[in-house]
Amino acid sequence: MSAAERRPQLIRAAIAVMSRDGVAAASTRAIAAELGIAQATVHYVYGAKDELYRAVIEQLTTDIAEQVRGIDIPTEPDFQATIGAYARQLWRTVVEQPHVHRLITELFVMGLRSPSLRPTVTDYQRQLDIVFEDAFREAAAYTGTTLARPVEEVARFFFAGFDGLILHRLARPDDMADERSLEQIVAATAALAEGHLPLSVV
């Protein structure tokens with residue numbers, strides 16, 4: 001099997017090991033064992049562990065982007081309902097796959113401390129910002145909504161609240177409280193986007 005063919009298998013194996021046992025446990029030996037291949041194959045395809053970590057972060061970014069873009073748009077052209085559909089689709093992955101979001105958090109924090117991984121983490125954040133900017137831009141166009149604030153600001157506001165809710169969920173899950181908080185984040189984001197949220201700073 002060529003390196004190009006082996007690469008996606010190694011990424012998925014690394015994600016499986018990291019999700020189950022933690023990033024620190026994802027040695028090349030453990031990843032090779034997950035696939036039942038020689039450890040040398042991992043080193044051949046990914047010369048350094050950081051290269052594999054970068055590939056994992058990039059794959060997780062792609063997976064999240066696909067989940068957001070794959071939603072069913074509400075038939076009623078309402079801005080809050082539309083961005084709520086995006087939020088609930090992504091939140092479903094948090095509830096159903098907490099191990100994945102725990103892994104993303106772990107990699108994110110580790111990447112902030114690593115000079116070689118920091119650019120990848122920065123790019124991860126920027127790529128997700130773009131995903132939500134596009135989603136809110138499309139929601140505004142679909143519902144005929146004129147945004148009162150720049151779409152970049154709206155997306156940043158939403159994602160900051162959503163990220164915080166993910167951390168809260170991972171630490172202390174509470175279905176009813178979490179769903180209520182999600183709806184509050186959506187409502188506040190819609191209010192900001194439509195110019196109904198009082199701001200003390202211009």
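Within the stretch 59-75, identify whether any single residue is part of a loop (DSSP other than H, G, I, E, B), more than 30 Å from residue 180 (Cα to Cα) and either in contact with a helix residue (DSSP H, G or I) (Cβ under 9 Å, 6 or more places away or on another chain) or among the hydroxyl-bearing types (Ser, Thr, Tyr) (or both), and answer yes or no.
No: zero hits.
What number of residues within the stretch 163-177 satisfy the criterion of being in a helix (DSSP H, G or I) and open to solvent by 80 Å² or more (accessible area, probe 1.4 Å)?
5
On the basis of being within 15 Å of the chain's Cα centre (by Cα), assigned to a helix (DSSP H, G or I) and not aromatic (Phe, Trp, Tyr), does residue 180 make the cut?
Against the criterion (within 15 Å of the chain's Cα centre (by Cα), assigned to a helix (DSSP H, G or I) and not aromatic (Phe, Trp, Tyr)), residue 180 does not qualify.
Of the residues in the stretch 34-52, how many are farther than 17 Å from residue 120 by Cα and either touching a strand residue (DSSP E or B) at 6+ places or on another chain (Cβ under 8 Å) or open to solvent by less than 50 Å² (accessible area, probe 1.4 Å) (or both)?
4
Limited to the stretch 30-75, what total is found for residues that are free of Cβ contacts under 8 Å to residues at least 60 places away in the same chain, under 20 Å from residue 132 (Cα atoms) and acidic (Asp, Glu)?
3
Just one of 188, 160 is modelled with pLDDT of 95 or more and either of a type in the set (A, V, I, L, M, F, W, C) or open to solvent by less than 60 Å² (accessible area, probe 1.4 Å) (or both); which is it?
Only one candidate passes the filter, namely 188.
Let me confirm something: among 133, 106, which residue is surrounded by 15 or more Cβ atoms within 10 Å (Cβ to Cβ), touching a residue at least 24 places away in the same chain (Cβ under 8 Å) and among the acidic types (Asp, Glu)?
Answer to the selection: 106.
The values are calculated or read from the model by the stated rules, or taken from the named source; none is laboratory data. All figures in this text were calculated on a predicted structure; none of them were measured in a lab. Glycine gets a Cβ as well: all are built from the backbone with ideal geometry, and neighbour counts include every protein chain shown. Areas reflect the complete protein model, heavy atoms only, side chains present, ligands, DNA and RNA absent. Shrake-Rupley method; radii C 1.70, N 1.55, O 1.52, S 1.80 Å.
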